[in-house]
Amino acid sequence: MKNLPMILGIIGGAFGLWAGFTYYGADYAAAFSSFKAFFHVTGTLVPILAIIGALLSPKKPSLGAVLMIGAALAMLPIFGLKWLTVLAVAFCAGGGIAATIQTDSSHEEGLHIVDQISTVVGKTAGWCILVLTFVTCYEVFMRYVFGAPTTWAFDASYMLYGALFMLAGAYALSRNSHVRGDFIYRSWPVRRQAGMDLTLYILFFSPAFSR
């Protein structure tokens with residue numbers, strides 16, 4: 001059914017808007033009172049991306065899939081694990097998956113956009129390694145040579161490593177650069193490997209980013 005992604009995306013976006021206005025209201029004037037308020041109030045606009053993706057999906061299924069799945073992944077940490085959010089995420093993700101199935105070699109705009117973004121962000125975030133190395137070496141030198149440990153090096157290294165993991169993870173994933181320690185996975189057919197990857201991303205990878 002060609003219009004299935006559009007139907008699912010619009011329903012998911014509607015549930016997302018309902019969740020946003022129900023849980024956080026539409027008081028946009030209060031969005032700038034604190035970072036938390038800004039995060040939640042502006043988050044009510046995220047479901048609009050799913051609706052836009054749904055409307056684009058009949059002609060540009062890959063771009064629609066990117067927008068719908070992106071909105072689904074964003075709504076869960078913003079709105080929390082509530083029943084309206086679960087419905088919104090389920091419909092948006094379903095619409096994105098349905099649009100992905102309809103994607104062929106002539107409809108890969110969304111995939112190219114995601115690859116370009118992850119490449120730019122990943123290569124930029126890679127510079128965190130140099131800063132992290134400098135901070136760690138400085139702390140070791142100050143601690144063991146001068147006996148004057150810093151109070152900020154641990155926090156700085158903690159945040160730099162977290163930023164590197166979050167920002168460069170997608171780039172490493174797109175290049176299949178994550179370390180694997182297996183001997184069964186590599187002997188499987190490509191389709192089974194893809195199915196296992198998708199299952200593990202849903203069960204372990206996405207929930208970790210949603211915390």
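A few remarks follow.
- Which listed residue, of 117, 113, 78, 69, is assigned by TED's automatic domain parsing to the domain that holds residue 169 and either at pLDDT below 80 or buried (at least 21 other Cβ atoms within 10 Å of the Cβ) (or both): 113
- Boolean, residue 26 is at pLDDT below 75, touching a helix residue (DSSP H, G or I) at 6+ places or on another chain (Cβ under 7 Å) and in the same structural domain as residue 67 (by TED's automatic domain parsing): no
- Residue 125 loosely packed, with under 12 Cβ neighbours inside 10 Å and over 30 Å from residue 54 (Cβ atoms): no
- Checklist (1) aliphatic (A, V, I, L, M); (2) out of contact with any helix residue (DSSP H, G or I) (no Cβ under 7 Å at 6 or more places or on another chain); (3) exposed (fewer than 15 other Cβ atoms within 10 Å of the Cβ) applied to residue 97, failing item: (3)
- The condition (being at pLDDT 85 or above, assigned to a helix (DSSP H, G or I) and either in contact with a Lys or Arg (Cβ under 8 Å, 6 or more places away or on another chain) or surrounded by 13 or more Cβ atoms within 10 Å (Cβ to Cβ) (or both)) is satisfied by just one residue among 90, 170: 90.
- Residue tally, condition at pLDDT below 80 and within 21 Å of residue 115 (Cβ to Cβ), over region 181-199: 3
- Single residue of region 52-61 satisfying the filter (part of a helix (DSSP H, G or I) and either assigned by TED's automatic domain parsing to the domain that holds residue 198 or crowded, with 23+ Cβ neighbours inside 10 Å (or both)) that is modelled with the lowest pLDDT: 61
- If the condition is being surrounded by 12 or more Cβ atoms within 10 Å (Cβ to Cβ) and either among the hydrophobic types (A, V, I, L, M, F, W, C) or under 17 Å from residue 161 (Cα atoms) (or both), then region 141-150 contributes only 142.
- Qualifying residue in region 145-158 (condition: under 30 Å from residue 78 (Cα atoms), part of a helix (DSSP H, G or I), out of contact with any Cys (no Cβ under 8 Å at 6 or more places or on another chain) and of a type in the set (D, E, K, R)): yes
The values are calculated or read from the model by the stated rules, or taken from the named source; none is laboratory data. All figures in this text were calculated on a predicted structure; none of them were measured in a lab. Here the Cβ is made from the backbone with ideal geometry for all residues, glycine too, and neighbour counts use every protein chain on show.
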